[in-house]
Amino acid sequence: MAAPLKFFSRDSDTGTWLMVAVFTAVLVSLYLLGNSADNLERFGRVNDYLLIIDAILTLVVFWMVAVNAWRLFGDLRSGVAGSRLTVRLVILLTLTALIPVSIIYVFSVRFLRSGIDSWFNVQVEQALDSALVLSREAIGDEIREIQRRATQISRRLAEVETEELVPALSGALGAFNAYELNLRGRQGGLVLSASDGFGFPSSGLGASVVAQVLSGDTVVEIEESERDGLMILVLTPFLDTQPMRDIHVLEARFTLDARRRQLGEEVQSTFQRYQQLTFMREPLKFSFVVTLSLILALSVLAAIWIAFRLARSLMRPVHNLAQGTLAVSQGDFSQRLPPGGRDELGFLVNSFNEMVSQLKTARDDADRSQAEVEQQRAFLQAVVGRISTGVLTLDDQARPRTINTAGVTMLGHDPDEIIGMNMRDAVTGNGAYASLARAALPHLAVGEATWQENIDLPTARGTRTLVCRGAKMDVAEGGHVLVVDDISPIIRAERDAAWSEVARRLAHEIKNPLTPIQLSAERLRHRYMETLGDDARVLDRATRTIVEQVESMKSMVKAFAEYADTPALHFTDVDLGFLLEDVVELYRGVPSGRSIEMTAPENLPRINGDEGRLRQLLHNIIKNALEAQEDMAHSRVELSLSVTDDQSSVMLRLRDHGPGFDLGRIDRIFEPYVTGKTRGTGLGLAIVKQIVTEHDGDIELGNADTGGAVISLRFPLLPSLEKTHDG
Amino acid sequence: MTHESDPASRFPDACRVWLVLVSVCLASLLLVGPAHAQDGRIEYRSLVSYVIDGNVLLESDVSVRLSGLSRAALQSGVALEFDVEIDVIRQRNFWPDKTLRRYQIPVRLSYQDLTRSYRLERLNSGQRASFSDLDSALDAVAQLRDVVLISEDQLSGRGRYYGVMRVQLDLDALPGPLRTQAYFSRAWQLDNGEQTWPLR
């Protein structure tokens, strides 16, 4: 399943509020710019704030535009669905905003420049110049009048007696409308002073100025007074007529006529403002254009930012649809697109969601059905895998497709060897699969619907009989199914049952007349032995023979009875090593030339079995081995006990050094009367087989490579329930 | 003076704005660096302290020279404001120096068209003076006589005492349109620096 897909989400409210703030700022900026254009001082105050705020907002919006552009560029490089269309939309929307704004900007700059230029006029400037010249002339006239008055004061005071000088000075102050009158000596020192104001007396004069006055010049200066503004200072020679007085300079200060001064200052103020405007015309234009450009930049960037948001908003459903389609194509039906609006795209989104929902339902149904089929198939496979019947399926070319565990066991082949191997290629070979192929191919060739064949497979443990049933499969791709059953145990069981019945009847039919025969023979011997004379010897030999043969027949009948009538079994935990040693001990007293060797591991696990029957089994195989070597000078029997590698069974292996088994009859060796010895009933191994079967064990017979018979017995270690078997 | 501006300079002016906007950062970076020879400059000719009646007095002779653009602005009625700043500082070892006194004297220089004179006005005291020529007015901007800096008793501690004088043109006091230009123009930057002199 692919990772969850990322759908475009709605734009945040923060961005919307920021956009509102930006546009409010733009509108306010334009309003302030327009209102301050006609007032230089107001513009000076407002312009700084406008520049700072607009610059900050411009940087913020520029950053957001850059982020959006970078994100879009990343989407474009990653091939995100809808990114190319978003780029086109952004470009289109940006151009739509940029073109009219640029035109308006160019014309605004032109209007701004021409508007500022219109403030200035040649006539106005000339008029202001003239007014200023007129004002200067008026003040010049007044200064000349003041200078004249100062000269008059100087002449008048020069003739005044020393005693009258103080009141004369004060009188002159009012008479000549002076502000301050000071009489100074040759060195510039203050001799006498009279003032109309309340300020401190003036400080000393410079030596150069005093020298200039003493040389006969009149010095006129314009002074700035903190309280009274412009003031005219006249320094004129004091031609004193009185000897002994050190008065040589008259220092007189006059204020200008208030009305004239006011008018002059107004003219000067207007002139200077005009001059100032003229001087600042270009900087003013530049400032206006800078501010306007900054506002324009902010507007354009905001427009681009809006273009990004609009394009993203418009492309959101398209992108989400593309992502959803991709998810569906990858088999992911769990994705749901964010609900669309009420327009056609919203309808498309809702239809897509509905379609995906239906697809998901259909796929879930299909998955469920498939799971059920898989479950049934697994169940069948488990059943087929665990049944004891071998099952092979073949394709229409007679090549095995599947084989179950029982089939593998029966055929004795590795599945990889036969899966896909055409039966026609195997028919000339050896082995179980080849035998199966030879039996099946004729039926497969003619396409029989059902058929059955028995197959005899020669093995080391005898001939195995397999029943093979074939059926043609009624499926589109054709093929056959072969069912193979190993009926060897059934045949063997039937045979054993038949022999048991024979033994039981023989024992029953023969046992009854034997005792009368023996008694009759003994009675004949007893009655006629002494009366017959020479024939008594014949009678003696005959009756002895009868009695001996009857005894022999009784033994045989007893053996048959034992074979036919299995006693009740009592299963207990049996130490097979201890039991074997016990039995072997009985045979160690036999004549020299015979040896019985036994090996067993320590702590051999106990098995669950009937001790009496196991003891009989051990007697039978040891006796059988010894009898097989009866004619040999030295007989040797080797017994070994061990635990199988998988720790599931105890193995008892017996080996003798006799002639070994006749392999030609080995598949019937467990049948009664089948024996390689001249004597005996041939029931020994049959009983051994019977006891092994009673203990869920296995027996295998064979010959060692160096000669001698080998009997391998296996008894399972797993504890089994106590069983009773009524024979 | 003409009513029509030069047609050739009309449109490039709009384009230049964009260039200015883009190069504002670069320009500001350049301005941060040390100023080189400019038309406008300030020269501290003499800074002398002496003690009279237990007070430390200052006599300063500072020459201020304006650039051509500043002079033109002054002649056009734009008043210029200077900030004269004087600090009395005690030098300390392993520690920042301590400022004992600080005097700030704002001075406005304006041209009077009516009388063709230059008016100098100390804004914190209202003291005014007229000068018939500009250089005399500029020399008087930071010319101080017998200004009491501090009592001699306050300089009796250990260590070195010195004064620092700074004279600078206050660009914030310029009219708005000029102010924007002045921030980014070297013609308005006075090589003011500062001057120290020993007090004890």
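The values are calculated or read from the model by the stated rules, or taken from the named source; none is laboratory data. Since the structure is predicted, the reported quantities are computational estimates derived from the model, not experimental observations. FYI the Cβ positions are ideal-geometry reconstructions off the backbone, even for glycines, and counts take in every protein chain you see. Areas reflect the complete protein model, heavy atoms only, side chains present, ligands, DNA and RNA absent. Shrake-Rupley method; radii C 1.70, N 1.55, O 1.52, S 1.80 Å.
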* Within the bounds of region A:275-288, is there any residue that is of a type in the set (A, V, I, L, M) and closer than 30 Å to A:Ala21 by Cα? -> yes
* Tally of residues being open to solvent by less than 40 Å² (accessible area, probe 1.4 Å), within 30 Å of the chain's Cα centre (by Cα), on the phi < 0 side of the Ramachandran plot and not hydroxyl-bearing (Ser, Thr, Tyr) across region A:81-104 -> 1
* Structure fact -> The lone condition B:Arg116 fails out of (1) open to solvent by 20 Å² or more (accessible area, probe 1.4 Å); (2) more than 12 Å from chain A (Cβ to nearest Cβ); (3) without any contact (Cβ under 8 Å) to a residue 40 or more places away in the chain is (2)
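So that you can scan it fast, the table gives a plain yes or no per residue for (1) surrounded by 12 or more Cβ atoms within 10 Å (Cβ to Cβ); (2) modelled with pLDDT of 85 or more; (3) closer than 30 Å to A:Gly390 by Cβ:
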position: A:Ala449; (1), (2), (3): no, yes, yes
position: A:Gly470; (1), (2), (3): yes, yes, yes
position: A:Asp496; (1), (2), (3): yes, no, yes
position: A:Ala503; (1), (2), (3): yes, no, no
position: A:Ile517; (1), (2), (3): yes, yes, no
* Structure fact -> Scanning region B:125-173 residue by residue, those within 22 Å of B:Gln104 (Cα to Cα), without any contact (Cβ under 8 Å) to a residue 24 or more places away in the chain and in contact with a strand residue (DSSP E or B) (Cβ under 6 Å, 6 or more places away or on another chain) turn out to be B:Arg128, B:Ala129, B:Ser130, B:Ala140
* Asked: Is it the case that B:Asp146 is on the phi > 0 side of the Ramachandran plot and part of a strand (DSSP E or B)?
  -> yes
* Asked: Which of the residues spanning region A:383-414 are out of contact with any helix residue (DSSP H, G or I) (no Cβ under 9 Å at 6 or more places or on another chain) and more than 21 Å from A:Ala471 (Cα to Cα)?
  -> A:Thr409
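Does B:Val148 satisfy the condition of being aliphatic (A, V, I, L, M) and either open to solvent by 40 Å² or more (accessible area, probe 1.4 Å) or in contact with a Gly (Cβ under 8 Å, 6 or more places away or on another chain) (or both)?
On the way: aliphatic (A, V, I, L, M): yes; either open to solvent by 40 Å² or more (accessible area, probe 1.4 Å) or in contact with a Gly (Cβ under 8 Å, 6 or more places away or on another chain) (or both): yes.
Considered against the rule, which asks whether it is aliphatic (A, V, I, L, M) and either open to solvent by 40 Å² or more (accessible area, probe 1.4 Å) or in contact with a Gly (Cβ under 8 Å, 6 or more places away or on another chain) (or both), B:Val148 comes out as yes.
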* **The one condition in (1) open to solvent by 10 Å² or more (accessible area, probe 1.4 Å); (2) within 14 Å of chain B (Cβ to nearest Cβ) that A:Arg312 fails to fulfil** => (2)
* Asked: Going through region A:590-623 one residue at a time, which ones are of a type in the set (Lys, Arg) and closer than 14 Å to A:Glu638 by Cβ?
  -> A:Arg594
* **A:Ala561 vs. criteria modelled with pLDDT under 85 and surrounded by 12 or more Cβ atoms within 10 Å (Cβ to Cβ)** => yes
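Tell me which strands (runs of 3 or more DSSP E) are completely within region A:565-633 and hold 3 or more residues being open to solvent by 20 Å² or more (accessible area, probe 1.4 Å), or say none if there are none. Quick ask: steps written out before the conclusion?
Numbers: elements: A:571-574, A:594-599, A:607-610.
Hits in region A:565-633: A:594-599.
Considering B:Ala35, B:Ala72, B:Ala79, B:Ala14, which residue is closer than 30 Å to B:Gln195 by Cα, in contact with a helix residue (DSSP H, G or I) (Cβ under 9 Å, 6 or more places away or on another chain) and at pLDDT below 85?
Numbers: B:Ala72 fails: at pLDDT below 85; B:Ala79 fails: at pLDDT below 85; B:Ala14 fails: closer than 30 Å to B:Gln195 by Cα.
So the residue among B:Ala35, B:Ala72, B:Ala79, B:Ala14 that is closer than 30 Å to B:Gln195 by Cα, in contact with a helix residue (DSSP H, G or I) (Cβ under 9 Å, 6 or more places away or on another chain) and at pLDDT below 85 is B:Ala35.
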* To do: Output the residues belonging to region A:519-530 that are assigned to a helix (DSSP H, G or I) and open to solvent by 70 Å² or more (accessible area, probe 1.4 Å).
  => A:Leu519, A:Glu522, A:Arg523, A:Leu524, A:Arg525, A:His526, A:Arg527, A:Tyr528
* Considering only helices (runs of 4 or more DSSP H) fully contained in region A:388-434, which possess at least 1 residues that are aliphatic (A, V, I, L, M) and touching a Gly at 6+ places or on another chain (Cβ under 8 Å)? -> A:405-411
* Could you please let me know if A:Phe286 is within 14 Å of chain B (Cβ to nearest Cβ), aromatic (Phe, Trp, Tyr) and open to solvent by less than 20 Å² (accessible area, probe 1.4 Å)? => no
* **Residue check for A:Gln262: within 10 Å of chain B (Cβ to nearest Cβ), assigned to a helix (DSSP H, G or I) and without any contact (Cβ under 8 Å) to a residue 12 or more places away in the chain** => no
* Asked: Out of all the residues in region B:162-178, is one or more away from chain A (no Cβ under 14 Å), more than 29 Å from B:Ala73 (Cβ to Cβ) and outside any loop (DSSP other than H, G, I, E, B)?
  -> yes
* Candidates A:Glu137, A:Glu142, filtered to the one that is over 45 Å from the mean Cα position of the chain (by Cα), open to solvent by less than 30 Å² (accessible area, probe 1.4 Å) and modelled with pLDDT of 85 or more -> A:Glu142
* Could you tell me which of the residues A:Ile490, A:Ile455 is among the β-branched types (Val, Ile, Thr), part of a helix (DSSP H, G or I) and more than 20 Å from A:Leu685 (Cβ to Cβ)? => A:Ile490
* Asked: Assuming B:Arg158 fulfils every condition listed in (1) surrounded by fewer than 19 Cβ atoms within 10 Å (Cβ to Cβ); (2) within 12 Å of another protein chain (Cβ to nearest Cβ); (3) part of a loop (DSSP other than H, G, I, E, B) apart from one, which condition is it?
  -> (2)
* Top-ranked residue of region A:105-118 - restricted to ones that are more than 10 Å from chain B (Cβ to nearest Cβ) and open to solvent by 60 Å² or more (accessible area, probe 1.4 Å), ranked as modelled with the lowest pLDDT -> A:Phe111
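Listed residues A:Leu165, A:Leu128, A:Leu132; which is more than 28 Å from A:Gln268 (Cα to Cα) and either assigned to a helix (DSSP H, G or I) or more than 14 Å from chain B (Cβ to nearest Cβ) (or both)? Steps first, please.
On the way: A:Leu128 fails: more than 28 Å from A:Gln268 (Cα to Cα); A:Leu132 fails: more than 28 Å from A:Gln268 (Cα to Cα).
That would be A:Leu165, the only listed residue that is more than 28 Å from A:Gln268 (Cα to Cα) and either assigned to a helix (DSSP H, G or I) or more than 14 Å from chain B (Cβ to nearest Cβ) (or both).
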